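Once you've had a glance at the structure underneath, I'll fire off some questions.
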Amino acid sequence: MAPADSLPTDLDILVIGTGAGGAPLLARLASAGLKVAALDAGVRHPPEGIATDEVAQLGLFWTDERLSAGNDPVSFGRNNSGRGVGGSTLHYTAYTPRAQPDDLKLRTEFGVGEDWPLEFSELEPYYDELEYFLGVSGPAEYPWGPPRKRAYRHPPLPLNGAARLMQKACAEIGMKTSPAANAALSRPQEQEGYGTRHTCTNRGFCQAGCSIGAKASMDVTFLALAEAHGARIVDGAQVTALTMKNGRVTGAEFMRGGEVEHLSAQTVILAAGAVETPRLLLMNGLANSSGQVGRNFMAHVGIQVWGQVEDDLRPYKGIPGGLISEDTHRVPGLIGGYLLQSLGVMPVTYATQYARGTLKWGPELVQHLSGYNHVAGINVLGECLPYEHNRLELSDELDGRGLPKPRVHFSFGENEQKMNAHAEALMRELWDRVGARDVWALPRAAHTLGTARMGSNPATSVVDPSGRTHDVPGLWICDNSIFPSSLSVNPALTQMALSLRTADALLGDLKGQAPRS
Amino acid sequence: MTVEERSAVLSLLNSAHVTEPTRRALLERLDVRYEREFFGEAEFERLRALALRLVPHNPAELNLTGTVDHRLHSGVGDGWRYADALPDGEAYRELLAALPDGFETLDGDAQDTAIHGVQSAHPHAFEDLLAELTEAFMAHPLTQYRFGYAGFADAPEWPRVGPNELEPREVAYGPR
């Protein structure tokens, strides 16, 4: 056996990034017998090393500095940017609603935004496969979207304080709610390559990493499967350049422990996310004949409303997003819509958000924070339209490796502002109904999307509907940069569906080719 | 920190309800003191005076100013900054320099008036510093004890998650 630190050669596929974009396809391609490897800038974070402490878990986040510009500068780091083997799934809350069919047809419905160059019926089998494989816990009957072919594999997780308050308040105004679909286990499950994943212990620290393997992060699911089928994962490897020969991509150069190394492969799949993917393409001057690389950066409308109640809620307990409503999936006067979810919260996250959001200080700040055990939250996740002017570019400032820091311009448009206002008013009404006091709102933007959009027309998109770059033979992209529109649901499940779909397209291409000599 | 407080914190941290990685992180933080390395002496004194008004605390118990200095010296960031703002260390220095001469010795009301002034003149630096101090405050085991926060004691599980459904260890933790 080769020493563990030796690099593989003769790779069929090299994947850059091991999050929700890179991991499922890595497992699919390895299972099909291809010789595959993945590079990740971050390191491994096994569950047994995860602390129930936000500061101790900072290592799960991408803390290299990004510059945030525009009228609504996006906060990165803990807000939306993971680093580690498993990518952002290490810190996601495992919220896994499906997109609805009309999410993919925004332009058809409203005349603005973008349609996806694929149909819901193409995603549906992948959703079905994923929900089973990941072990999604959810309601027996999910009230929104087309009927599903197979019930969720596990019953829903228990509703915590915030979820029960939202349930009560929504019932009073006639809004339908449901226990949410969460990719965290309400029953134990065997996972090939990993072993037994245990039942969620109601430790509401999903955003600081799961310490028991109950949450379906990529490391305990697809990456374990991929490694069981021979995939190699090289961690701590920051890709600095794609290498090219005769117009075709040949591999990637990366820094690991201060050394520059290289891996060659027949095909390279970029899955580094909507900031690092366009950054790498722009640094290398690749795949950008459309001029669309870095354009159309989107982040969901994600305003939160918080309040404190008499009850002792302990917001650190239970799956944070226990309850959902998609009754606001379409709202008259808005393009697209949003979903509503209840929120538990970890103490440091709550405290820093309160400080930034209210700018309260002094005794007033401390007094408020002392009521943490009584805090309940509610938030939305809503459509963000793609705009050319919301973009990522390379700045003149260099990072520790001598590479240009990315600068991301982001401003809400009129629709996002209207949606934000609509959602805030609704959530304030709901929290009024449960008698919450000290109610405050935190406008924010969540997730990183767009910047290398998928489309059929090479003049207006970066990758084709399967994920091949229009410009560079052998180079594919599969991460949230390819989203043509934001969808009014959390992106992780759809991202994984796209990943499996891309893997199948790639396998189809290889089947059609003569065997390699 | 009173003897009773310290004993209560250590008792829960050293119990089987706290996992090893969690215990390690919190025990280290409980008593950590950082030597000044990033700021100059006068800057550091001014930062300490500012921090006491922004997030009132006992500096003998909570080393918030040292935590900020240490973070800046180590070069670790939080992943982003406002594009039109200086890097954190420089921005904080500018904020401190904008406070009036003798800020440290002003009475509390006069300090607060001066703080309102720099808050409007340097909004991004003010927000970042306030958030960083708040983080250090809320992450400290002593603050958590005084607020009755027991979320770190999550082993082996939280069997109930509804309102007012507390475990004995949650009820017991915090001032009477």
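The values are calculated or read from the model by the stated rules, or taken from the named source; none is laboratory data. These figures come from a predicted structure and were not determined experimentally. Heads up, the Cβs are rebuilt from the backbone with ideal geometry, glycines too, and the neighbour counts pull from every protein chain shown.
Which ones in segment A:276-302 are touching a strand residue (DSSP E or B) at 6+ places or on another chain (Cβ under 7 Å), surrounded by 24 or more Cβ atoms within 10 Å (Cβ to Cβ) and within 23 Å of A:P443 (Cα to Cα)?
Within segment A:276-302, A:F297, A:M298, A:A299, A:H300, A:V301 meet the criteria.
What do you reckon, is A:S499 in a helix (DSSP H, G or I) and not aromatic (F, W, Y)? So that I can check it myself, show each step before the final result.
Numbers: in a helix (DSSP H, G or I): yes; not aromatic (F, W, Y): yes.
So A:S499 passes the test.
Out of all the residues in segment A:405-425, which are buried (at least 22 other Cβ atoms within 10 Å of the Cβ) and outside any strand (DSSP E or B)?
Of all residues in segment A:405-425, those buried (at least 22 other Cβ atoms within 10 Å of the Cβ) come to A:406, A:408, A:410, A:416, A:419-420, A:423.
Selection gives A:F410, A:E416, A:M419, A:N420, A:A423.
If I go through segment B:62-98 residue by residue, how many of them are under 24 Å from A:P406 (Cβ atoms) and not hydroxyl-bearing (S, T, Y)? Spell out the reasoning first.
Start the filter on segment B:62-98 by keeping residues that are under 24 Å from A:P406 (Cβ atoms), which leaves B:71-72, B:74-92.
After this cut, where a residue has to be not hydroxyl-bearing (S, T, Y) as well, the list is B:71-72, B:75-81, B:83-91.
Number of matching residues: 18.
Checking the condition within 14 Å of chain B (Cβ to nearest Cβ), of a type outside the set (A, V, I, L, M) and either closer than 30 Å to A:G318 by Cβ or out of contact with any Pro (no Cβ under 7 Å at 6 or more places or on another chain) (or both), which residue from A:G236, A:G273 passes? Spell out the reasoning first.
On the way: A:G236 fails: within 14 Å of chain B (Cβ to nearest Cβ).
Just a single option satisfies the conditions, and that option is A:G273.
Here is a list: A:G42, A:G113, A:G77, A:G86. Which entry is at the interface with another protein chain (Cβ under 8 Å from one of its Cβ atoms) and either within 22 Å of the chain's Cα centre (by Cα) or farther than 18 Å from A:A216 by Cα (or both)? First the steps, then the outcome.
Details: A:G42 fails: at the interface with another protein chain (Cβ under 8 Å from one of its Cβ atoms); A:G113 fails: at the interface with another protein chain (Cβ under 8 Å from one of its Cβ atoms); A:G86 fails: at the interface with another protein chain (Cβ under 8 Å from one of its Cβ atoms).
Of A:G42, A:G113, A:G77, A:G86, the one residue that is at the interface with another protein chain (Cβ under 8 Å from one of its Cβ atoms) and either within 22 Å of the chain's Cα centre (by Cα) or farther than 18 Å from A:A216 by Cα (or both) is A:G77.
For segment A:467-479, indicate whether the set of residues that are part of a helix (DSSP H, G or I), within 25 Å of A:N246 (Cα to Cα) and of a type in the set (D, E) is non-empty. So that I can check it myself, show each step before the final result.
To start, the set of residues in segment A:467-479 that are part of a helix (DSSP H, G or I) comprises none.
Checked segment A:467-479: no residue is part of a helix (DSSP H, G or I), within 25 Å of A:N246 (Cα to Cα) and of a type in the set (D, E).
Counting only residues that are among the hydroxyl-bearing types (S, T, Y) and under 19 Å from the mean Cα position of the chain (by Cα), which one in segment B:68-127 is modelled with the highest pLDDT? Full working, then the answer.
Filtering segment B:68-127 for residues among the hydroxyl-bearing types (S, T, Y) gives B:74, B:82, B:92, B:105, B:113, B:120.
Within this subset, residues satisfying the condition of being under 19 Å from the mean Cα position of the chain (by Cα) are B:74, B:92.
Details: B:S74: 95, B:Y92: 98.
Here the residue is B:Y92.
Could you tell me whether any residue of segment B:22-43 is free of Cβ contacts under 8 Å to residues at least 24 places away in the same chain and buried (at least 17 other Cβ atoms within 10 Å of the Cβ)?
Among the residues of segment B:22-43, at least one is free of Cβ contacts under 8 Å to residues at least 24 places away in the same chain and buried (at least 17 other Cβ atoms within 10 Å of the Cβ), which makes the answer yes.
Considering each residue of segment A:57-69, count those that are facing another protein chain (nearest Cβ under 8 Å) and either crowded, with 21+ Cβ neighbours inside 10 Å or touching a residue at least 24 places away in the same chain (Cβ under 8 Å) (or both), and give that number. Break it down into steps so the answer makes sense when it comes.
So in segment A:57-69, the residues facing another protein chain (nearest Cβ under 8 Å) come out as A:58, A:61-69.
Those left that are additionally either crowded, with 21+ Cβ neighbours inside 10 Å or touching a residue at least 24 places away in the same chain (Cβ under 8 Å) (or both): A:61-62, A:64-69.
Of the residues in segment A:57-69, 8 are facing another protein chain (nearest Cβ under 8 Å) and either crowded, with 21+ Cβ neighbours inside 10 Å or touching a residue at least 24 places away in the same chain (Cβ under 8 Å) (or both).
Restricting to segment A:160-191, name every residue that is within 23 Å of the chain's Cα centre (by Cα) and assigned to a loop (DSSP other than H, G, I, E, B).
Across segment A:160-191, the qualifying residues are A:A180, A:A181, A:A183, A:L185, A:S186.
Can you pull out every residue in segment A:350-387 that is facing chain B (nearest Cβ under 9 Å), among the hydroxyl-bearing types (S, T, Y) and closer than 17 Å to A:G302 by Cα?
A:Y350, A:T352, A:Y354, listed by residue number.
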